[in-house]
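Inspection log for the structure reproduced underneath, given as structure tokens.
The values are calculated or read from the model by the stated rules, or taken from the named source; none is laboratory data. Since we're looking at a predicted model, the values are computed, not measured. When we count neighbours, we look across all protein chains shown, and the Cβ atoms used for this are built from the backbone with ideal geometry, even at glycine. Remember, those area values only see protein heavy atoms, side chains included, never the ligands or the DNA or RNA. Shrake-Rupley method; radii C 1.70, N 1.55, O 1.52, S 1.80 Å.
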Amino acid sequence: MIYRFAKCLFWLYFNIFNRLKIIGADNIIQSGSLIVYANHFSDADVFLLPLCFKRQIKFMAKKSLFETPVVNYFVKAYGAFPVNRDSSDIAAIKTALKILRNEELLGIFPEGRRVRDIKDSNPKGGFAMLAHKTSTPLQPVRIKYKRKLMIFNSIEIIIGKVINPNDIKIDDTSSDGYAKASRKLMATVYGLG
């Protein structure tokens, strides 16, 4: 209930005070577990992505978002759960695995922070490892903003074709191997439009 209300509020905001365009919605799979991963340009990204999907996305979000009461309310309403980016967060990994076992959508911003310039992209290897170990398909998404301001902006969300986890071809299951796979997967995102 709260999720639908929050989603409706953000849909109104992004369509009334901004120009929102969604491209590739027909690429979304409507059943089964799925890892939705995207570039991370703005704090608004976590509120924009759900506008493209019928099913609720449960986001892995930085722990600090849960410290501000108003933000905490909306982030939790959106199904987000905290992750400590400075360490291997076992609780967050267990939550992510549970979401995927329940055939739900897991949302991840692999870069772990906002990235304004593509050359500064340095995705974490964890999401490639999660996809590989759980054989979960990946949905690449690119979010493009014309300006940094979140009012009277032109925002484009481009949804790519689902990537089969068997197509990732991870031979090296070390942290370096997963990081390399993550960089390749993020290149797919930045290659969208």
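Select from the stretch 83-96 the residues that are under 25 Å from R55 (Cα atoms) and in contact with a strand residue (DSSP E or B) (Cβ under 9 Å, 6 or more places away or on another chain) and write down the one among them that is surrounded by the most Cβ atoms within 10 Å (Cβ to Cβ).
A96
Given the residues N39, N27, which is the only one that is open to solvent by 10 Å² or more (accessible area, probe 1.4 Å) and either over 22 Å from L138 (Cβ atoms) or at pLDDT 90 or above (or both)?
It is N27.
Residues checked against (1) among the β-branched types (V, I, T); (2) touching a residue at least 24 places away in the same chain (Cβ under 8 Å); (3) crowded, with 17+ Cβ neighbours inside 10 Å; (4) at positive phi:
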| position | (1), (2), (3), (4) |
| --- | --- |
| P140 | no, yes, yes, no |
| Y145 | no, yes, yes, no |
| L149 | no, no, no, no |
| G160 | no, yes, yes, no |
| S175 | no, yes, no, no |
| L192 | no, yes, yes, no |
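Which of the residues belonging to the stretch 118-154 are more than 19 Å from A179 (Cα to Cα) and assigned to a loop (DSSP other than H, G, I, E, B)?
K146, R147, K148, L149, M150, I151, F152, N153
Take the residues of the stretch 79-106 that are part of a strand (DSSP E or B) and at pLDDT 95 or above: which is farthest from K62 (Cα to Cα)?
That would be L105.
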